[in-house]
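This report concerns only the one structure given below.
Computed from the coordinates by the stated procedures, all read-outs in this text should not be read as laboratory data. As the structure is a computational prediction, the values presented were derived from the model and not from experiment. As a convention, Cβ positions derive from the backbone with ideal geometry for all residues, glycine included, and neighbour counts pool all protein chains shown.
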């Protein structure tokens, strides 16, 4: 039974009221706390909540493909699986690393390095671990979905390059963006883990090719499980690019160079478009498109033959006798070479030292030699003399005008500038006086002079085009989107497009002599191409002195660099080829390689219609100057009696009739509708009529004078 | 002495507030467990509530003076069961708090201790029969609370142990402690806290107690719960994201959104408006309880009701304070809202006693 309690005893009501106030105060504090969070901080916390639950899953943009000039596919993409790691989803990341490394065939310290690189990124962002994982690695990830919830895979498009290193240096390769690039403000738009072009076209045109990654916003719970998708920002695929490369010419160049070390570049002198670019030894860019093994990379880097080096634009070597073309033009333009006659006895004394002519090795001599024979017989004594008469400053001036010692500005990364020596250059770099004897060496392209193949062919092609030099490039300028035009404006500094005025007579002398080089009289007679107007110049450049070579007992590695520069037709050529064969010994060996490239090009062009081009408008300058051409005013002296041209070096045939005979170049030997040759290309009627060709007769390649046409025509190459 | 108890005297107003909060609780538990393996917890909670209402009605019929009479015995049983828990209790989530009974029932003595302490302290202060508190009385009262408190802390269940303290504080306050005594006690207590911090508390308890001050320092560690809770409450805004639409709650970011963090889940889905409504219901309920205390027939009745008030306001303050980052994470459930049988039963039994006190006010 309940006890009794004093009912009179009461608690003062003020105490209970006090407690009521305390309760009210506590609740008021709680409400104010809620106000602070839900009213004042609502926006901030809502953003945090969004970040908490939304994960961006990247959708990688496929890179633009690369095509050749005829639209043939060079570089494609293929589907590949990449493994990502989401740190947030890991239960115990450090403990899992050895298992992950084992399953993905990686090193644990490699994983640590990757995680360290991404340490600043939010924990829910996936980190790319391994690209192009193999099916067994995919199976490993699938089988360990419960133990390793942090691993995720994504299928993406990856690069597929031509096999066997075909055009590898030109195309380049892609790889994960490097730390250096991330630090470079120019590459501010790159994120860690981005796959970017690291060499060749892939690097220089990366902004066009790369596209823009998209993302899928997915709602996840705190365990990373997907609860639903919010929206998709689709990836913008990279823009495909048409290269100026002609697959057929490239193939011919690759096959011509074969396993030899060196480089071949073929350009279209009218535009500077690169038709082919080969550098050997080569590498397989597919090894880079996926992950390259560290050992394999080290091997490529340490290889003394520098397989990663694009020798077409990076090898800097003495040009040897190919330099004589530049020197000949210089001598003619200076008015010295026209009348110069030298008696070659297999050598001559300059400044107290005896300089040999190459022919002395055959116990022969050139005898009386003028400029033409000097070129096609490559007489050293003639050019020693010419160099002595001009002096180094004049030679250097002309060489500079033709772009030696400067980058050409080709749209590929890491072009080398080469060296054009001069007294000023020597003083600046070596603080030494120029010795007169050095001028004699430079006269035959030896000594300190060093050129890159691309530089040399730009100069020779420019001379062949009557002094119009073009910036070599591998991507058609109209392939660059408007918004990136500014970016590419100054992206590749160099000598670019230039015009060096050359007197037509001098032009004719040199180009005709170059045509002689590949005739029975020239140094590369057996590179002659029957039926093709082919001109060129050999060069055999010493890399060590003969005395040194003899003292170490020779050896193929010390053999001369075999150069050849060639073009077709001889004036206003459509194609110019440079062959640089390291340790190839003799320039005429390279000449045969170049001939194969020229032949492949001509054979292809023969299949096209209207394959004629005008090389010069002799008279009626107004008629011969369509708006699309580059008229060149000739300041030099003309040969007496020759019609004085006002304009030369037009890159396009005029679209209006000329009233006088026109010099034309034809690249083909074609029948006029030969009845037994249905594949033979029809000659334009005007040409057939001009040469009084009847059925069954053929037109030989070469340059011709064409009588003025009776009616305006739409001629030339379409 | 005859008693005339009538349900006409039953506190239907108080009952209304309790029902309202219970309904809100069930709805929020439903929403918070919708996509989890605890999906039927709202139904279980309804069963607990049904049991709670029945217990409340039954207890409201038992004269609280009988409880006062048996309080000393009950207190003894409580101490024994607390020791038993430490010896043979079931280990759940790293703590020994439950005794498994046949039939799958888990019995958590520490919740019952609360109830017994309320009654036993009411009896203790009543028996002083109006004289001023001596230091001896004070120490006796403190000892009565601190002994079970230490046993519960040993389980370890810091949160529940702390809920015993307000019963003592309100008891001392209403029992007539002098200002000077209170000041000295306060000083002594704060001095005692220093060694307690270093010796008694386990590192994780310390981490939980301090991480609320700077939850962003370790967002994946002990600050995680607070951080997620703050995000949940804050992102609710004024009107909330809507029932079953709270991303923190539904996405499993919010820890245990059906028990300790149910108020965060509610705030996320119903915003400041919903939160203020719930706090208003609590306020009205507590005011009603204090009023009941004032109108109680005798001193022990008043003391019992005020003991219940003390426990409830303490739990509300600590739980809501934790959810909004003003208090450390202590694992104290929100009365009438959090899921859980022991919590529901304690609250309803306590309210049952309060009901009896109110119904007895005119009984002589």
In degrees rounded to 10, the 0-90 angle between helix B:41-61 Cα long axis and the longest Cα principal axis of chain B is 10 degrees
Tell me the angle of helix B:64-88 to the major Cα principal axis of chain B, expressed in degrees between 0 and 90 and rounded to the nearest ten. 50 degrees
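Where does each of B:60-72, A:328-340, A:241-253 land if you order them by average Cβ count within 10 Å, highest first? List each step's numbers first, then the result.
On the way: B:60-72: 18.5, A:328-340: 20.3, A:241-253: 23.2.
Highest to lowest by the protection proxy: A:241-253, A:328-340, B:60-72.
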Calculated Rg and Dmax of chain B using C-alpha coordinates, Å: 20.5, 64
Calculated FRET value between residue A:353 and residue A:429, using beta carbons and R₀ = 25 Å, to 0.05: 0.60
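Counting pairs of alpha carbon atoms under 8 Å apart in space and at least six apart in sequence, what relative contact order in percent does chain B give? Can you show the working numbers first?
Values: 531 pairs, mean separation 103.2, N = 364.
Over chain B, the number comes to 28 percent.
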In peptide B:60-73, how many Cβ atoms from other protein chains are near each Cβ within 10 Å, on average? 1
Proxy reagent accessibility, fewest Cβ within 10 Å first, across A:532, B:77: B:77, A:532
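Within 10 Å of each Cβ of B:318-326, how many other protein chain Cβ atoms are there on average?
Details: counts 0, 1, 7, 4, 0, 4, 10, 3, 5.
That works out to 4 on average.
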Expressed as a fraction of 2.2 N^0.38 Å, the rule-of-thumb size for a compact globular protein of N residues, what is the C-alpha radius of gyration of segment A:293-419? 1.38
Shielding of A:44-51 by partners, i.e. mean partner chain Cβ atoms within 10 Å per residue? 6
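So what's the projected area for segment B:139-199, the Cα convex hull averaged over all directions, in nm²? The partial results should precede the final answer.
Details: hull surface 16.9 nm².
If you wrap the Cα atoms of segment B:139-199 in a convex hull and average its projections, you get 4.2 nm².
Counting other beta carbons within 10 Å of each Cβ, put A:104, B:303 in order, fewest first. Show your work: numbers first, answer last.
Details: A:104 20, B:303 28.
By the 10 Å Cβ count, ascending: A:104, B:303.
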Would you please calculate the Kirkwood hydrodynamic radius of segment A:247-605 over all C-alpha pairs and express it in Å, rounded to one decimal? 20.5 Å
Quickly rank B:349-355, A:61-67 as a protection proxy: mean count of other C-beta atoms within 10 Å, highest first. B:349-355, A:61-67
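Mind sorting B:119, A:499 by how few other Cβ atoms lie within 10 Å of their own Cβ, fewest first?
Working: B:119 25, A:499 17.
Result, fewest neighbours first: A:499, B:119.
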Order by protection proxy (mean Cβ within 10 Å, highest first), peptides A:10-16, B:314-320: B:314-320, A:10-16
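Given the convex hull over the Cα atoms of segment A:55-242, what projected area results after averaging over all orientations, in nm²? Before the final figure, lay out the partial values.
On the way: hull surface 46.8 nm².
For the Cα atoms of segment A:55-242, the hull's average projected area reads 11.7 nm².
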Find how many whole Å separate the alpha carbon centroid of segment B:218-268 from the alpha carbon centroid of segment A:284-357. 73 Å
Against the longest alpha carbon principal axis of chain B, how many degrees, from 0 to 90 and to the nearest 10, is the axis of helix B:109-126 turned? 30 degrees
So how far, in whole Å, is the C-alpha centre of segment B:129-152 from the one of segment A:428-495? 100 Å
